[in-house]
Structure formats: structure tokens, C-alpha cells
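A.B. asks: Submitted below is the structure of interest, expressed as C-alpha cells.
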Amino acid sequence: MWEPLTPGELQAVYASVDVQWWVAGGVALDLFVGRETRAHSDIDTAVLRRDVQGLAPLRATWDVCTVRDGGLTPWDGGELSDEHHQFWVRRPGAEAWAFEILLEMTDAADWVYRRDARIRTPVASIGRQTDGSIPYLAPEIFLLYKSFATDAKRYAARNTTDFGVALPLLDATERGWLRAALTVIDDKHPWIPRL
């Protein structure tokens, strides 16, 4: 069960920790487009894996759990093994989850796509910001994640719709980067001709 925070509420939460962060997923699409494109049952954020220790202070006011293979484990604030790449966060005692934290891989100054390390770009280029200073993942980054749903039956149609909403707003650089990234993974991906 989810009772997701708003991007503005997340901005206040992240003001209490010293990490770089971005709104991710479907809400990042909304921030890019400048309007709500569809209802969202949850809200995702992204943080660099190398900054995970900076999230430890959240534990003072939030329940923070690691997610792995469908199971949730309270995070003790320590280092995480490589198979852990996300947290679910909720208010203490609450049943509903408030937001998710996705851990982004890096290699020196580069962001590295967790599903294929051949795809990378400078960390400095993975984010954008709204006029209200809310950070969100760049469209080519969140669309890359959406292009390969882990449960195709559940997410494929929605992610293709999200791609269609974002596509007219992508500039030539964003289109080119996403086309090149998709080609690395699957040169027959159905989005490539549309880019």
C-alpha cells in the first residue's frame, strides 16, 4: 500500500540529508512535461549508490527498508551488498509506504546503467530541475529504465505510453543518447525507429 509524498514534500525530506537526489519514474515524466500525465500509485527517487551513507539520518524519522526478491528488511544504516539497489520508506508505524529510493551506480564521474554497464554518461548530465528547484532524472535516463520493464505484462503498455508523451519534447541530444543506449542493448527495440 502506498500513500506517496508529493515532489515538494520529498524536497523537504531530502533537505535533511546531504545527498544529491532526483525524482525518478513516472513522476519524473510529469516534471519533465510540466503536468500530471497520469495517476501514480507511488513515487520514486534516485540517489547515487556511493552516497548511500548520507541517507542514514533518515532513519531517525522514517522507517527505511531494503528491498530484495520481494522481501523487506529494516536498514541498519550500514553498507549494502551489490544486490540491494532500492529502499522503501514510510513514516514509523505507518502501513503505507511514502517513497522509494533507487540507488544509481557510478564509476568515478560517470553514471552507469545498472542493467548494462556499457551504458554510461557523466553524473553531471543525468538530472534536470523544475522552476521550483525540484530535481528529476533527465528524460533519456528515466525512459531508458522504462524501455525494459522487468514485468512486461504489467508495465510495457504504460511505459510505451509514457515514451509517447515524452517523445515530442525530447531534443536532438536526448533522442540521440537514448537511441544509442537502446541500440547497445537491443538494436531491434521498437522505440528506436521512433527516435
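The values are calculated or read from the model by the stated rules, or taken from the named source; none is laboratory data. What you see is a predicted model; the values in this text were computed from it and never measured. Glycine gets a Cβ as well: all are built from the backbone with ideal geometry, and neighbour counts include every protein chain shown.
A.B. asks: Checking the conditions here, which among Ala166, Ala181, Ala157, Ala109 is over 29 Å from Val64 (Cα atoms), in contact with a Pro (Cβ under 8 Å, 6 or more places away or on another chain) and either among the small types (Gly, Ala, Ser) or crowded, with 17+ Cβ neighbours inside 10 Å (or both)?
C.D. replies: Ala166
A.B. asks: Are any residues in the stretch 9-32 over 19 Å from Leu103 (Cα atoms) and within 16 Å of the chain's Cα centre (by Cα), and if so, which ones?
C.D. replies: Passing the criteria: Asp30, Leu31, Phe32.
A.B. asks: Please determine, by comparing only the residues of the stretch 40-75 that are part of a loop (DSSP other than H, G, I, E, B), within 17 Å of the chain's Cα centre (by Cα) and free of Cβ contacts under 8 Å to residues at least 40 places away in the same chain, which one is farthest from Arg158 (Cα to Cα).
C.D. replies: Per the stated criteria, the residue is Ser41.
A.B. asks: Looking at the stretch 9-32, I want the residues that are among the acidic types (Asp, Glu) and have a partner that is assigned to a helix (DSSP H, G or I) and modelled with pLDDT of 95 or more with Cβ atoms under 9 Å, at least 6 apart or on another chain. Which pairs are those?
C.D. replies: Correct list of pairs: Asp18/Asp51; Asp18/Gly54; Asp18/Pro57; Asp30/Pro7.
A.B. asks: Moving on to the next point. Just to check your reading of the model, which residue among Ala94, Ala12 is loosely packed, with under 14 Cβ neighbours inside 10 Å and either part of a helix (DSSP H, G or I) or touching a Ser or Thr at 6+ places or on another chain (Cβ under 6 Å) (or both)?
C.D. replies: Ala12
A.B. asks: Next up: In this structure, is Asp116 in a loop (DSSP other than H, G, I, E, B) and under 20 Å from Tyr14 (Cβ atoms)?
C.D. replies: no
A.B. asks: What number goes with the only condition from (1) under 21 Å from Thr6 (Cα atoms); (2) in contact with a strand residue (DSSP E or B) (Cβ under 6 Å, 6 or more places away or on another chain); (3) polar (S, T, N, Q); (4) surrounded by fewer than 17 Cβ atoms within 10 Å (Cβ to Cβ) that Thr61 does not pass?
C.D. replies: Going through the list (1) under 21 Å from Thr6 (Cα atoms); (2) in contact with a strand residue (DSSP E or B) (Cβ under 6 Å, 6 or more places away or on another chain); (3) polar (S, T, N, Q); (4) surrounded by fewer than 17 Cβ atoms within 10 Å (Cβ to Cβ), Thr61 breaks only (2).
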